[in-house]
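Here's the structure, in structure tokens; my notes come after.
The values are calculated or read from the model by the stated rules, or taken from the named source; none is laboratory data. Quick caveat, the model's predicted, so the values are computed rather than measured. Neighbour counts are summed over all protein chains in view; Cβ atoms, including those assigned to glycine, are modelled from backbone coordinates with ideal geometry.
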Amino acid sequence: MASKKKRRDEDLAQEEVLTAVVLADSFNVRFAPITHRKPRTLLPLVNVPLLDYTLEFLCSAGIERVYLFCCAHAEQIKEHVRKSKWSTRCSPCEVIPIVSEDCLSLGDALREIDAKALIDTDFVLVNGDLVSNLPLKDLIEEHKERVQKVKSSVMTMVFMHAAPHHRTRCREEEVLVAVDRPTQRVLHYRKVGTDHKFELPAELFQEFSDIQLRYDLLDCHISICSPLVPQLFTDNFDYQTSDDFVRGILVSEEILGNTIHMKVVEEGYAARVSNLQMYDAVSKDIISRWSFPLVPDNDISNNNNMNKYSYGRHNIYLNKDITLARGCVLQEDVVIGPGTSIGSGSTLAHSVVGRNCKIGENVKLENAYIWDGVTIENGVSVTTAVIADNAVLKKDVTVEPGCVFSYDVIVGPSVKIPSGTILSSAPVEDDGFSDEEEETVKGLNPVLVGSQGVAYLYQPDAEDSDNEDIIQDMWGLTIQSEEDDASSVGSMGSDELSPPSSPPADDMKLFYGEVLDTLERVFTENIGTDNTILEINSLKHAYNITINELNGLVTKAIIAYPQRNNKDMDPPKLMSALKPVLAKLLPVLRNYMKNTECQLECLAALEDYSIHHPSTGAILMKVMQVLYNADVLSEEAILHWYENVPTDHADQHQKIRKKVETFIKWLEEAEEESD
């Protein structure tokens, strides 16, 4: 009897092992030609392999066993796991690679797992390109409690609340969900795509009295599944994707009796790096610390302190083993890996630079992702691009937005690479996904890649797209086929292929209103400076606001805040109300006014606001004095602003300058005395 009881206890303990299945293959070629050499899960995201983010998330949530399902480049993934902290004796999580090179879909992978009888308890199903800090353990417990009450529930889908234009909402992943509000049971699920009209079965509204339609959700691609799920995939070979499975369960619910539920998480972070649009968005979120503790300075890979970063103001992350020449400028949201050198006069903003890179002099990197071992010579400009390992950009090369350079590409010197160009260092062999007769790479073109260039133009096969008329490029930009009418929905002109320099006016208004709401909470909830800056930065990313626009809009919001509920304040009362606001928010302004250009944007915003609000114009000189004394505005910036009068409505601008003449004279006299 004792031995039987012991076996039962051992079986129970085995059942309680928290298990996850991680799909290390995306089963598509969205990142080609980069993924012809390396799997997506090992691509660097802010200098850390994607897979490490996923495993860290699962391990921190208490997952004890991970089945890592590998298809393409399986040996690379196994070798990465073997050398990682997940294979050490002290690892709290066991990572078990499962190799099957014949699988072509999620359905094939789960059928293989079912055939091997690996799953006998509830498990978490995710992709190996997931970055998340959600409270997974709580979600698992909630799923288990639901299953105890609703035996038919086979899956809990995890969503997050996100407005339609949220940056991490990938357009191709947008969904419409009909849910029974009391039980959170999913009744209807469909990808939106380019559709603007939707049809729902009328019987849903007859059977359920409280249906909620949700189009404000971000699919986290985290599914908590019962052990029945792999069996259901085995029983139905039509299930190839998770969408197939969800639709199949919903359609056949009356026959099989299985149901799916959902959980909407209000706090936390989760996103898949499903294309380069999401690669860009998730990188920015990590740098802005929305994914904390999955941030650069926490050394996720634990790579013998080689990947340790210091964290500084304006989200600047620097490895200790780097060389920064005098005169180089790191503006904001910059990560620089070990062994990298930056030349004099170079400017970096919103960019990640990998290990052992050589960045020359007078280089400009804006929204650039530079991987390991890249050489960038003097005078190069790169905007919104991915440059893979060991690429070389010769001097005076300009890379326009939306470009991707695969491994070992050489371009230049003195060429301009057009927007959206994808280059490979050699003709790409067929990978099994494309038509063997389809030529995907064109020969060397010295006019395109330069006299010393070694690169081939890569062109994705349009027939691989789910929609034959619309090609979704790797940056999430839609390019219509030639047959499409120029006025059709979703078509884009040439100017729209690059990231917009300014958001729509409505987005600017929304951002401005959100900043005012944030300032309200600063005073009512006593929010600190760091959290205020973090919230403003997140709004910047959510509404696609440039740093130049942010400087002006934040300045206006701070000046406007005291008048929010009383627009008719006379100048003395306004100044009295503004003083405590400025005293509280000066550190916030100082955070953004880090150079003369930023200060000129602040002054332009003050001028514009004063033109439209006479009471503010009357106290403008005093406001400028406060900002000058607090080192928010420099003497150089103020005098430059004063001397350069805009030609548009010059009379109005002259009137504003008349109001601050006394202060300007004082500055000029002080400058003469110092000379």
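Conditions tested, residue by residue: (1) modelled with pLDDT under 85; (2) more than 18 Å from Leu667 (Cβ to Cβ).
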{"position": "Ile536", "(1), (2)": "no, yes"}
{"position": "Ile547", "(1), (2)": "yes, yes"}
{"position": "Lys556", "(1), (2)": "no, yes"}
{"position": "Ala560", "(1), (2)": "no, yes"}
{"position": "Tyr592", "(1), (2)": "no, yes"}
{"position": "Asn595", "(1), (2)": "yes, yes"}
{"position": "Ile611", "(1), (2)": "no, yes"}
{"position": "Asp631", "(1), (2)": "no, no"}
{"position": "Ala637", "(1), (2)": "no, no"}
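Read through the list (1) closer than 24 Å to Val48 by Cβ; (2) surrounded by fewer than 20 Cβ atoms within 10 Å (Cβ to Cβ), then give the number of the only condition that Val150 fails.
Only one criterion is unmet by Val150, namely (1).
Looking at Thr156, Thr168, Thr183, which is the one that is surrounded by fewer than 21 Cβ atoms within 10 Å (Cβ to Cβ) and either at pLDDT 90 or above or under 24 Å from Phe57 (Cβ atoms) (or both)?
One residue alone meets the criteria, Thr183.
Quick one: would you say Val177 is in contact with a helix residue (DSSP H, G or I) (Cβ under 9 Å, 6 or more places away or on another chain), part of a strand (DSSP E or B) and buried (at least 19 other Cβ atoms within 10 Å of the Cβ)?
Considered against the rule, which asks whether it is in contact with a helix residue (DSSP H, G or I) (Cβ under 9 Å, 6 or more places away or on another chain), part of a strand (DSSP E or B) and buried (at least 19 other Cβ atoms within 10 Å of the Cβ), Val177 comes out as no.
Since Thr616 meets every condition but one in (1) at pLDDT 85 or above; (2) more than 23 Å from Arg657 (Cβ to Cβ), which condition does it not meet?
It is condition (2) that Thr616 fails.
Considering only residues that are in contact with a strand residue (DSSP E or B) (Cβ under 6 Å, 6 or more places away or on another chain) and outside any loop (DSSP other than H, G, I, E, B), look in region 254-270 and name the one that is farthest from Pro182 (Cα to Cα).
Step by step, filter region 254-270, then rank; the result is Ala270.
Could you check how many residues of region 547-568 are in contact (Cβ under 8 Å) with a residue 40 or more places away in the chain and either surrounded by 17 or more Cβ atoms within 10 Å (Cβ to Cβ) or in a helix (DSSP H, G or I) (or both)?
Residues flagged as in contact (Cβ under 8 Å) with a residue 40 or more places away in the chain and either surrounded by 17 or more Cβ atoms within 10 Å (Cβ to Cβ) or in a helix (DSSP H, G or I) (or both) within region 547-568 amount to 14.
Test of understanding: among His350, His314, His261, which residue is surrounded by 20 or more Cβ atoms within 10 Å (Cβ to Cβ) and more than 30 Å from Thr35 (Cα to Cα)?
His261
With closer than 18 Å to Leu45 by Cβ, at pLDDT below 95 and β-branched (Val, Ile, Thr) as the only criterion, which of Thr340, Thr384 stands out?
Of the residues listed, the single one that is closer than 18 Å to Leu45 by Cβ, at pLDDT below 95 and β-branched (Val, Ile, Thr) is Thr384.
Given the options Lys573, Lys594, name the one that is surrounded by 13 or more Cβ atoms within 10 Å (Cβ to Cβ), without any contact (Cβ under 8 Å) to a residue 12 or more places away in the chain and either out of contact with any strand residue (DSSP E or B) (no Cβ under 7 Å at 6 or more places or on another chain) or closer than 30 Å to Thr524 by Cβ (or both). Walk me through how you get there before you give the answer.
On the way: Lys594 fails: without any contact (Cβ under 8 Å) to a residue 12 or more places away in the chain.
The match here is Lys573.
Taking only region 65-84 into account, find how many residues are in contact (Cβ under 8 Å) with a residue 60 or more places away in the chain and part of a loop (DSSP other than H, G, I, E, B).
The number of residues fulfilling the criteria is 2.
Val392 - would you say it is modelled with pLDDT of 85 or more and surrounded by 18 or more Cβ atoms within 10 Å (Cβ to Cβ)?
So Val392 passes the test.
Out of the strands (runs of 3 or more DSSP E) lying entirely within region 279-361, which hold 3 or more residues that are in contact (Cβ under 8 Å) with a residue 24 or more places away in the chain?
Values: elements: 309-312, 316-319, 334-336, 347-349, 351-353.
So the answer is none; nothing clears 3.
Here is a check on your reading of the model: is Asp244 assigned to a helix (DSSP H, G or I), at pLDDT below 90, surrounded by fewer than 20 Cβ atoms within 10 Å (Cβ to Cβ) and out of contact with any Phe, Trp or Tyr (no Cβ under 8 Å at 6 or more places or on another chain)?
Details: assigned to a helix (DSSP H, G or I): yes; at pLDDT below 90: yes; surrounded by fewer than 20 Cβ atoms within 10 Å (Cβ to Cβ): yes; out of contact with any Phe, Trp or Tyr (no Cβ under 8 Å at 6 or more places or on another chain): yes.
The answer is yes for Asp244.
Quick check on this structure: which one of Asp280, Asp297, Asp285, Asp243 is under 17 Å from His221 (Cβ atoms) and not assigned by TED's automatic domain parsing to the domain that holds Ala32?
Asp285
Out of the residues in region 217-241 meeting the condition of being hydroxyl-bearing (Ser, Thr, Tyr) and out of contact with any Phe, Trp or Tyr (no Cβ under 6 Å at 6 or more places or on another chain), tell me which one is farthest from Gly128 (Cα to Cα).
Here the residue is Thr234.
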